Every structure is written in structure tokens, then in C-alpha cells.
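Everything on this sheet refers to the single structure shown next.
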Amino acid sequence: MRLPLFSVYNGNFLMDAHKTMVMIGSNRANTDLDETDLAILEQVEENFDVSLETLAEKLGLSKSAVHYRLNKLKDSGVIQGITADVDPLAFGLEMVSITDVSVTHERGYSEDIGETLAALEGVDQVYYTMGDVDFVVLSRVQSREQLNDLLDRIIAIEGVNETSSRLVLREFDSKSTITSNLTDAARNAVLDPSTD
């Protein structure tokens, strides 16, 4: 399990602590990827500390070709950053809650409230959703007192009408990565965007 390094919300994307970018709206990434790019991404997602030499050897490329492609992936925003896998339990962060947040719908509410929720200490991820609730907030704390304090801070946000929380009893770590979780159709759409 990765300990959240930060959560960021902006008008078009949500990013969780794993640097997973979730697109909202109709915007689409403007990045041309090929099989080699995907192979590099698969390797660095599996082990972010892998050396250029190892990558080059595994992929049958020169170190300079791998270095160039990694820089291209960083510059285009495909690689958002590097994280370390840290056990949240080492910090006593044993309580995980999923909180549904319903808000008053006013112009710009999604950005304002989303950014405010994401900035709260203890919040791991924030999702702006369509359906019965407006936001889903995942948080990780050490105790019921900390959870109560976090919920009080959420409720105090201007525009928040109500919350409903559930506690997670057990986490199942899928060990999945973005590239390993791509369906065949998604992989094909990434490699050939004209087929959408």
C-alpha cells in the first residue's frame, strides 16, 4: 500500500497519491504512445528505481533511447512523478474511511469544494462523481477521534450539506498498475487514438 504523498484536484483531473490521473469531462490526453513506451511504463511502474542499464537490457534498447523516452514521457505528463511504497500501518494509519459528500450545487462548486477536500490532512483521495453523491473521499487516520475531527472539518466546508461514511474492515491490495490494468480495448485506444 502506498502512503499518500499528496492529493491534488484541479478542474479536469483528479490525482491520487499513486500519481494515478483520472480524467473527468471530455478532455483527452494528447500523448502519442507506442509499444515501446508502454513497455517502459510497465517496467517503471513495477519498479520505479530500475536502472537505465536494466531497462535497456530488458527492452533491447540503448540506454540513451530509454533515457530519451523516459524524459519524453515525463515532459508530456504521462509520468507524473516518482513515489515510494510506504506501509501506512507503520504510522498507525489503520482506519480507512470512505465518505460520500453531498453539496449545494452552485457555479464552480466542484473545483472549490474538491480542492478544499483534497487539502484536508488525513484525506488520501477525492473523487468528484456523478450520481447520488457529489464527492467520494477516501481517508486514512489512526483513531476514531481523528476520524471524527476529519468529518467535522468536512462538514464545516461551506456548501457541504451532508456526509455518509463507511469504515473499511479489510483492504485487498491488487498490486495492479495503470499499464497492467489496461484492457485490450484500452491498450489499443492508447496505441491508436484514431480508433476511438
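Taken together, the values in this text are just the output of simple stated rules run on the coordinates, not laboratory data. Computed from a prediction, not measured in an experiment: that's the story for all the values here. Cβ: placed from backbone, ideal geometry, glycine included. Neighbour counts: every protein chain shown.
Computed quantities for the displayed model
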{"read-out": "Summed residue charge, Cβ within 15 Å of LEU52's Cβ, Lys/Arg positive, Asp/Glu negative", "value": "+2"}
{"read-out": "Phi-based couplings in Hz for segment 45-52 (Karplus 6.51, -1.76, 1.60; Gly and Pro marked x)", "value": "5, 5, 8, 5, 9, 5, 7, 4"}
{"read-out": "Length released on extending from PHE172 to GLU35, taking residue separation times 0.36 nm less the Cα-Cα span", "value": "46.3 nm"}
{"read-out": "Residue exposure sequence - ASP192, ASP132 - by fewest surrounding Cβ within 10 Å", "value": "ASP132, ASP192"}
{"read-out": "Exposure proxy order (Cβ contacts within 10 Å, fewest to most) of ARG144, ARG170, ARG187, ARG69", "value": "ARG170, ARG144, ARG187, ARG69"}
{"read-out": "Using θ = phi - 60° and Karplus 6.51 cos²θ - 1.76 cosθ + 1.60, couplings along segment 141-151 (whole Hz; Gly, Pro as x)", "value": "9, 9, 8, 5, 4, 5, 5, 4, 4, 4, 5"}
{"read-out": "Cross-link partners of LYS74 among aspartates and glutamates (Cα-Cα below 16 Å; sequence separation of 8 or more within a chain)", "value": "ASP32, ASP34, ASP37, GLU42, GLU45, ASP49"}
{"read-out": "Length released on extending from GLU57 to ASP87, taking residue separation times 0.36 nm less the Cα-Cα span", "value": "7.7 nm"}
{"read-out": "All-pairs Cα distance distribution in segment 120-196, expressed in whole percent, bin size 10 Å", "value": "14, 33, 26, 18, 8, 0"}
{"read-out": "Cβ-based exposure ranking for ASP32, ASP134, in which fewest neighbours within 10 Å come first", "value": "ASP32, ASP134"}
{"read-out": "Cβ-Cβ FRET estimate between GLN142 and ASN181, R0 fixed at 25 Å, reported to 0.05", "value": "0.25"}
